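What follows draws every value from the coordinates through simple rules; no lab data is involved. Here the structure is a predicted model, which means the values were calculated and not measured. Reconstructed Cβ throughout: ideal geometry from the backbone, glycine too, with neighbour counts over all protein chains shown.
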Amino acid sequence: MIFAKAAAVLKKDILTSVRYRSGFFLKLVSPALQLATFYYLARAVGPQFRPDGMPYVVFLIVGTGFYTFLVAGIHSFLQTIQDSQQTGTLEVLMTTSTPTTTLLLLSALSSFAGNLLQFVVYVGSGILLFAPAVNISVSAAAAVLVLSLLVAIAFGLFAAGLQVSIHKGSAVLWLLGSCAWLMAGTLFPVAALPRPVRFLSALLPFTHSLAGLRIAIFQADNSAALFRELESLFLFSSVLLPLAIFFFSWTVRRARQRGSLSFY
Amino acid sequence: MNTVALESVSKIFQQRAFFSRTVREETHALKDVSLELAQSEVVGLLGPNGSGKSTTLKLVSTVLLPDRGRVTIEKFDTRLHGPAVRKRVGFALASERSFFPRLTARENLEFFAALDDVHRSDCHDRVESALNHVGLCDAAEKQVMKLSSGMHQRLGIARALLKKPSVLLLDEPSRSLDLAAAAQLWDLIRDLATIGMSILIATHNFAEAAEVCDRVAVLQKGSLIATSRTRHLSDRQLREFYLTLIGEQDLIAWNEEVPA
């Protein structure tokens, strides 16, 4: 039954996305423009700059691609709640036989699937164009992806819970996204940051996601470094995910009690 | 046996900051309300705006939880057995904005059917039957954003019927409907009651209450002030009964609907 529900959510999202034609077209075009931007940025910086031993353009593509994938995934949780509050479907959805947390997870996974496709095309074409000889460890990349996804789901549930309770989930997400943009090694290596900020950066799961993925793509033989990143991600996900599920369920129950489910 | 039972139910809406215990404002939406619905019974909730009609429906559907008292559906407590209650209750909201506007009427119903555990092999027939019940077969392939208000209303009822509920909640079901569509809806409500469904209707329409309800319950400022059988009552008699109850006899002569 859960697969039928997942298929229904996926179908609804695909149909909605395709029928907003201009938005769908822009989604296809913007990654190509971004690739071109990073190519010229890396050319301006010069070929001598090779962060973590890889061409700067590839560093940028992997960093921004994975960052966008994770943040867009987290945002999709918030978006699901916001959209259903604004379209008036939230109360109806909560009278169906599907538990709210399941429904939110299915909606977000559907969005993750779309973002994953975009991410694979974006990073894949970036690597093919600018570093075709690279030796990727697919299993290590998949492990980083899965653990990062679990962390992103946890943050998404926190953001959705805050949207249900204080209607300001987007502010928290903006703060998280900005911190990650600055400190997680998206545009430049973490080593370029001052020491205290580097400490904060290590507390951000995004930092380990980006570092882990870059190792899986460019230094797959460095298993000690890869294991360290996977260990950190495992720790983050096993702490954050149960807390997030509890928090979201609590905020929904509280909103049912207060009658504020559809407020936004 | 009662299908729905509200036992001394109170609902208070409090306004306060997220982690604060200080209450800024308090609204008593329902005060100590007790009401039962038997199987196949149609009960109408009458009352001015803000009297607690929609709150009552939301409490039965688990969208809201009671602060005091309890609400049970076939013995399942809404506070303790939310999923079991939701399997048994279909809710047609008064709001038009409760569909995915870019999807067609059929696609919307198929989506909600999947969430309501309707098996894929039954889905087509259930959707077709629900559309047929509310007379929307011709509009099934139209995007919801292109439907009229009355069609939205009927689609909401079709959605509530998808899970074959034992309790149907209708919030102002004939609002936005023309006379022919309203008459068709009233026939449908009577048919559904005949096959065993218990139906609770929040309405401002005396003709509707007199036509389809077995009983009416009158709410005022969150309190249930009277219940009455409607058999042999015309809509005019019902209106007089209601206006006398709420102390608005002056309006009897000219007002056709429940005054706000």
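Using only the Cα atoms of the protein assembly as shown, build the gyration tensor, take square roots of its eigenvalues as a ≥ b ≥ c, and label the shape rounded, prolate or oblate: rounded if a/c is under 1.5, else prolate if a/b is larger than b/c, else oblate.
Details: a/c = 2.89, a/b = 2.23, b/c = 1.30.
Because a/c hits 1.5 or more and a/b exceeds b/c, the protein assembly as shown counts as prolate.
Between A:Ala202 and A:Leu41, what length in nm is gained on full extension when 0.36 nm per residue of separation is reduced by their alpha carbon distance?
Values: separation 161, 0.36 × 161 = 57.96 nm, distance 2.68 nm.
My answer for the length gained is 55.3 nm.
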Open item on the list: If each residue of separation counts as 0.36 nm, what is the full-extension length gain between B:Lys164 and B:Ile195 once their alpha-carbon separation is subtracted?
Closed with: 10.1 nm
TODO: Work out the FRET efficiency for B:Leu80 and A:Gln48 from their Cβ-Cβ distance, taking R0 = 60 Å, and round it to the nearest 0.05.
DONE: 0.35
Open item on the list: For a test of understanding, tell me how many lysine pairs in the stretch B:2-251 have Cα atoms under 13 Å apart, given they are 8 or more places apart or on different chains.
Closed with: 9
Open item on the list: For the stretch B:120-166 and the stretch A:1-65, what is the centre-to-centre distance using only Cα atoms, to the nearest Å?
Closed with: 38 Å
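If I take R0 = 35 Å and measure r between the Cβ atoms of A:Ser178 and B:Gln14 in this structure, what FRET efficiency does the formula 1/(1 + (r/R0)^6) give, to the nearest 0.05? Show your work: numbers first, answer last.
Working: r = 34 Å, r/R0 = 0.97.
The formula returns an efficiency of 0.55 here.
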Open item on the list: Can you compute the FRET efficiency between A:Ser249 and A:Leu15 using 1/(1 + (r/R0)^6), with r the Cβ-Cβ distance and R0 = 22 Å? Round to the nearest 0.05.
Closed with: 0.15
- [ ] Name the shape class, rounded, prolate or oblate, that the alpha-carbon gyration tensor gives for chain B, where a ≥ b ≥ c are the square roots of its eigenvalues, rounded holds for a/c under 1.5, and otherwise prolate holds if a/b is larger than b/c and oblate otherwise.
- [x] oblate
- [ ] Classify the stretch A:133-211 as rounded, prolate or oblate from the Cα gyration tensor: take a ≥ b ≥ c as the square roots of its eigenvalues, call it rounded if a/c is under 1.5, otherwise prolate when a/b beats b/c and oblate if not.
- [x] oblate
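Looking only at other chains, what is the average number of their beta-carbon atoms within 10 angstrom of each beta-carbon in A:253-261? Intermediate values should be presented prior to the final figure.
Numbers: counts 3, 2, 3, 9, 8, 8, 12, 4, 3.
Shielding by partners across A:253-261 averages 6.
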Task: Residues of the stretch B:68-88 with amide N under 14 Å of the 7 Å Cα→Cβ point at B:Gln39 - done: B:74-75
